[in-house]
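The values are calculated or read from the model by the stated rules, or taken from the named source; none is laboratory data. Being a predicted model, the structure only gives us computed values, none of them experimental. All Cβ positions, even for glycine, are placed from backbone atoms using ideal geometry, and neighbour counts span all protein chains on display.
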Amino acid sequence: MTDSSSDPDPTPTPTVDDAASAGDRDGDGGGIAVALSEPCALWRGLLADPAGLCAATLRAACAAAAPALAAAEISLVLADDAFVRTLNRDWRGKDRPTNVLSFAALDDVSPDRPPEAPPASDEPLLLGDIVLAFETVAAEAAAQGKPFADHLRHLLVHGLLHLLGYDHETNEEDAQRMEALETRILAGFGIPDPYVDHAGASGIEAGAAVPPARPPATRSMAGSTGCACCAARAARRACARRWRR
């Protein structure tokens, strides 16, 4: 997906939450702007303030994983299963919805080499896109006996860490490092360790690679119904244009 004409054609045109997009520059992670699109209205049936919850979670994750990052932007899409199924089919070769997809914008970042904004730039560094599917997230939370907001925060943190170069597929050490940081960030919101308190429900497994004709999907997380974070930079750039329409 390299231009808007080849974008998937899922669902209604998103709207952008200006308050979340502008961002609060005060406090830890305050330089992280979250451009929120909500093509699915169902999220507001379970969350009083989805923009506030998502922005606070992503900023906390950035502050923990990339503390030197003074200004950055994350595109977040609160979508439905149909929307995410299209992306999952087109970029991972899996014709089914999943709970979260991440499209990383940066190359050459890792836990030991976190991103930093270019010193001469007046624009925030674009980290990438995170897209969530309402029905799948809600069903997982119910099946695992978790509050919906807690499960959403976990998926946001996990997706954001993938944008920052964290990986749990290469080896067990990397997976444990990522899980430990997720657990620490979630503890700041009073959320128990999801890998202990819900044994098996948040297990990690490797996702299948995207077919060679597509951009590679190199990172994947799977929970009870199979969630995935895929790094496809050409797709991310096209998606970002669509979210902001």
Q) So which residues in region 120-140 are among the acidic types (Asp, Glu) and part of a helix (DSSP H, G or I)? A) 135, 140
Q) With respect to the numbered conditions (1) part of a helix (DSSP H, G or I); (2) polar (S, T, N, Q); (3) in contact with a Gly (Cβ under 7 Å, 6 or more places away or on another chain), which one is the sole condition not fulfilled by residue 98? A) (1)
**Q.** Selection from region 49-63 of residues that are at pLDDT 95 or above and either aliphatic (A, V, I, L, M) or not in a loop (DSSP other than H, G, I, E, B) (or both)
**A.** 50, 51, 52, 53, 54, 55, 56, 57, 58, 59, 60, 61
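Of the residues 175, 143, which single one is part of a helix (DSSP H, G or I), farther than 23 Å from residue 96 by Cβ and not charged (D, E, K, R)?
175
If I ask for residues that are among the hydrophobic types (A, V, I, L, M, F, W, C) and not in a helix (DSSP H, G or I), which ones from region 146-172 would you list?
The one that is among the hydrophobic types (A, V, I, L, M, F, W, C) and not in a helix (DSSP H, G or I): 164.
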Q | Residue in region 110-133 that is within 13 Å of residue 160 (Cα to Cα), modelled with pLDDT under 90 and of a type in the set (A, V, I, L, M) present | A | no
Q) Residues in region 9-19: is at least one at pLDDT 50 or above, surrounded by 20 or more Cβ atoms within 10 Å (Cβ to Cβ) and either more than 23 Å from residue 162 (Cα to Cα) or under 17 Å from the mean Cα position of the chain (by Cα) (or both)? A) no
Q) Residue check: is residue 95 modelled with pLDDT of 95 or more, more than 28 Å from residue 181 (Cα to Cα), of a type in the set (Asp, Glu) and out of contact with any His (no Cβ under 7 Å at 6 or more places or on another chain)? A) yes
Q: Output the number of the condition that residue 60 fails; it satisfies all remaining conditions of (1) in contact (Cβ under 8 Å) with a residue 24 or more places away in the chain; (2) more than 16 Å from the chain's Cα centre (by Cα).
A: (2)
Q: Examine region 72-95 for a residue that is in a loop (DSSP other than H, G, I, E, B) and touching a Lys or Arg at 6+ places or on another chain (Cβ under 8 Å), and state whether such a residue exists.
A: yes
Q: Return yes or no: is residue 126 touching a Cys at 6+ places or on another chain (Cβ under 7 Å) and of a type in the set (A, V, I, L, M)?
A: no
Q) For residue 150, which of the numbered conditions (1) without any contact (Cβ under 8 Å) to a residue 60 or more places away in the chain; (2) touching a Phe, Trp or Tyr at 6+ places or on another chain (Cβ under 9 Å); (3) surrounded by 20 or more Cβ atoms within 10 Å (Cβ to Cβ) fails to hold? A) (3)
